[in-house]
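Here's the structure we're looking at; comments come further down.
Nothing in this text is a laboratory measurement; each read-out follows from the coordinates by a stated rule. What you see is a predicted model, and the numbers here were worked out from it, not measured in a lab. Glycine also receives a Cβ, built like all others from the backbone with ideal geometry; neighbour counts cover every protein chain displayed.
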Amino acid sequence: MAATANETPAIGHPEAGLILISYWSVDTPALQREAATLAMDLWDDVAWPDGLLSHHVFGGHDGKTVINYAQWRDNRDFETYLASDQPVRADKIENHSTGITRESIDRFHLYRRMDGSATGAVPTCFVLVTFDLAPPAQAQTLVDTIIAAAQPPAKSASGSSGDIASHFHINQDATKVVNVAEFTDAQSHKSLVQSTLQDDSPVIKAISGIRGATVRNFQRFDLLGGRVGPSVEGAA
């Protein structure tokens, strides 16, 4: 069965036992949009794999980064796809991807979700923060520490600070944590950084206290396209 176009991703789908996050880089915003369109349009040319719940593509505000966020039912379904259909799709990307560099891909599971003050709102800005871990740092401890230290941000006059939810993903060898945070808009995230994520904030102090944990700079993204599988569409 064919997939259905979808512009509102369900980050951390409850049936997803495997989440793939891959990074592409391009030279211009025009190529960024072209890469996202390519990633989505190729699903029109190949069968939608069993076990793939959804695939969404995000474009960084730098105009040069593309992230693919694919949610699978489990590792077994993905391995079956790798052994059969994936080479066809990969060949099509290689044949059409002038100017697109596929940087990395990693396998994750969703460990915890932290709701914000705007839970239930529709996100238009997505922020990714990556943490690299080395002994003695432990992925679950890092996430638990961040959530425990997080303070509810002050609400604006509209009753919300614009933060919808944070979704903490841990990769398979527990050496990396990726937080995919949803916001109503980019300005809401900028305000949150200025008000509650400075060097002397409880969250930053808590992260600094974990030996072996290194945080990369955050990056803001817009949703550029998405597809959901038949089972997901039917359940909506």
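For region 56-86, which positions are more than 26 Å from Asn217 (Cβ to Cβ) and crowded, with 24+ Cβ neighbours inside 10 Å?
Trp72 - this is the single residue of region 56-86 that is more than 26 Å from Asn217 (Cβ to Cβ) and crowded, with 24+ Cβ neighbours inside 10 Å.
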task = Pull up region 219-233, narrow it to residues that are small (Gly, Ala, Ser) and not in a strand (DSSP E or B), then point me to the one that is surrounded by the most Cβ atoms within 10 Å (Cβ to Cβ).
result = Gly229
inquiry  = Looking at region 188-234 only, could you name the residues that are within 18 Å of Gly60 (Cβ to Cβ), touching a residue at least 60 places away in the same chain (Cβ under 8 Å) and of a type in the set (A, V, I, L, M, F, W, C)?
reply    = Val215, Phe218, Phe221, Leu223, Leu224
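Please verify whether Leu31 is under 17 Å from Phe126 (Cβ atoms), among the aliphatic types (A, V, I, L, M) and either surrounded by 19 or more Cβ atoms within 10 Å (Cβ to Cβ) or within 19 Å of the chain's Cα centre (by Cα) (or both), treating the condition exactly as stated.
Judged against the criteria, Leu31 is not a match.
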